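Participant: Take this structure first; my questions come after.
The values are calculated or read from the model by the stated rules, or taken from the named source; none is laboratory data. Predicted, not measured: the structure shown is a model, and the values here were computed from it. Cβ placement follows ideal geometry from the backbone for every residue including glycine, while neighbour counts extend to all protein chains displayed.
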Amino acid sequence: MIDSQSALPDNDPIGLFGEWFAEAKASEPNDPNAMALATATPDGMPSVRMVLLKDWGPIGENAGGFTFYTNAKSRKGGEIRANPRAALLFHWKSLRRQIRIEGPLTEVTPEQADDYFHSRAFVSQVGSAASDQSRPLPDRQTYIDRVEELEQACAGAGEVPRPDHWTGFRLDPQAIEFWLDRPNRIHDRRRFERDGAGWTSTLLYP
């Protein structure tokens, strides 16, 4: 007998995300906060890459939405500036679950960017500041030389000044979809869409 009841509740997608994310952090061996970030140019050319979720929470709270950080002069940064909407995908393979999130992007404040940048390990700060992310690199030694030069220059201070173009973006979820593996590929899917201050939801065929 196939279970006819959905295991996905029909309210509070933010709370459900929190439950799943907590389980992923307890079970996933590497980077449970890894997510695919899809952006597109204004004329619709898409691109996708993996980034790390660094903050999240209900809209209206200090965290607000789903936040990641990047070099705004990178390819994704340029696409975000030109077309500030994105989609996220979490895939926790061992848990056999996925979450898709879609919505507009807002840049974090300089103070938030400073706080996160300087919370990173010193060498990670160096590596980010020394990188012209997504731009052509003639050879790896060129980048290593820049890293070592900046590391020496900032060693005394113990931190690197945050480049103005290194910042974060927060996605305000307008749609969240949960996918749960079920036997024989008779999976369980529920999509939530924002409706004013609340959410509407519906089951989807897998």
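Participant: Is it true that some residue in segment 36-48 is part of a strand (DSSP E or B), crowded, with 19+ Cβ neighbours inside 10 Å and at pLDDT 95 or above?
Facilitator: Taking segment 36-48 first, the residues part of a strand (DSSP E or B) are 36-40, 46-48.
If we keep only those that are crowded, with 19+ Cβ neighbours inside 10 Å as well, we get 37, 39.
Cutting the leftovers down to at pLDDT 95 or above gives us 37, 39.
Yes: segment 36-48 contains one or more residues that are part of a strand (DSSP E or B), crowded, with 19+ Cβ neighbours inside 10 Å and at pLDDT 95 or above.
Participant: Right, another one. Filter segment 133-148 for residues that are assigned to a loop (DSSP other than H, G, I, E, B) and among the hydrophobic types (A, V, I, L, M, F, W, C) and give the result.
Facilitator: First, pick out the residues of segment 133-148 that are assigned to a loop (DSSP other than H, G, I, E, B): 133-139.
The answer is Leu137, and nothing else.
Participant: Starting from segment 1-22, take each residue that is in contact (Cβ under 8 Å) with a residue 12 or more places away in the chain and hydroxyl-bearing (Ser, Thr, Tyr) and list its partners that are surrounded by fewer than 16 Cβ atoms within 10 Å (Cβ to Cβ) and not in a helix (DSSP H, G or I), counting only C-beta distances under 8 angstrom and pairs at least six apart or across chains.
Facilitator: Ser6/Leu203
Participant: Would you please list the contacts, defined by Cβ atoms under 8 Å and residues six or more apart or on different chains, that run from a residue in segment 186-206 that is free of Cβ contacts under 8 Å to residues at least 12 places away in the same chain and over 15 Å from Pro9 (Cα atoms) to a residue that is surrounded by 13 or more Cβ atoms within 10 Å (Cβ to Cβ) and acidic (Asp, Glu)?
Facilitator: none
Participant: Shifting gears a bit: Checking the structure you have, find out if any residue of segment 139-154 is acidic (Asp, Glu), in contact with a helix residue (DSSP H, G or I) (Cβ under 8 Å, 6 or more places away or on another chain) and over 21 Å from Asp55 (Cβ atoms). So that I can check it myself, show each step before the final result.
Facilitator: Filtering segment 139-154 down to residues acidic (Asp, Glu) leaves 139, 145, 148-149, 151.
Next cut, in contact with a helix residue (DSSP H, G or I) (Cβ under 8 Å, 6 or more places away or on another chain) only: 151.
Applying the additional criterion that residues be over 21 Å from Asp55 (Cβ atoms) yields 151.
Yes, the conditions are met somewhere in segment 139-154.
Participant: A follow-up question, please. Yes or no: segment 108-117 includes at least one residue that is under 20 Å from Tyr69 (Cα atoms) and outside any helix (DSSP H, G or I).
Facilitator: Residues of segment 108-117 under 20 Å from Tyr69 (Cα atoms): 108-117.
So of that shortlist, the ones also outside any helix (DSSP H, G or I) come out as 108-109.
Yes, some residue in segment 108-117 is under 20 Å from Tyr69 (Cα atoms) and outside any helix (DSSP H, G or I).
Participant: Same structure again: Conditions first: (1) assigned to a loop (DSSP other than H, G, I, E, B); (2) buried (at least 16 other Cβ atoms within 10 Å of the Cβ); (3) within 17 Å of the chain's Cα centre (by Cα). Leu8 passes all but one, so which condition is the exception?
Facilitator: Looking at each condition in turn, Leu8 falls short on (3).
Participant: Can you tell me which of (1) closer than 23 Å to Phe21 by Cα; (2) surrounded by 12 or more Cβ atoms within 10 Å (Cβ to Cβ) is the one Val126 doesn't meet?
Facilitator: Unmet for Val126, out of (1) closer than 23 Å to Phe21 by Cα; (2) surrounded by 12 or more Cβ atoms within 10 Å (Cβ to Cβ): (1).
Participant: Return the residues of segment 149-200 that are under 12 Å from Ala129 (Cβ atoms) and assigned to a helix (DSSP H, G or I); say none if nothing qualifies. Outline the logic, then answer.
Facilitator: Residues of segment 149-200 under 12 Å from Ala129 (Cβ atoms): 149-151, 153-154, 159-166.
Passing the criteria: Glu149, Leu150, Glu151, Ala153, Cys154.
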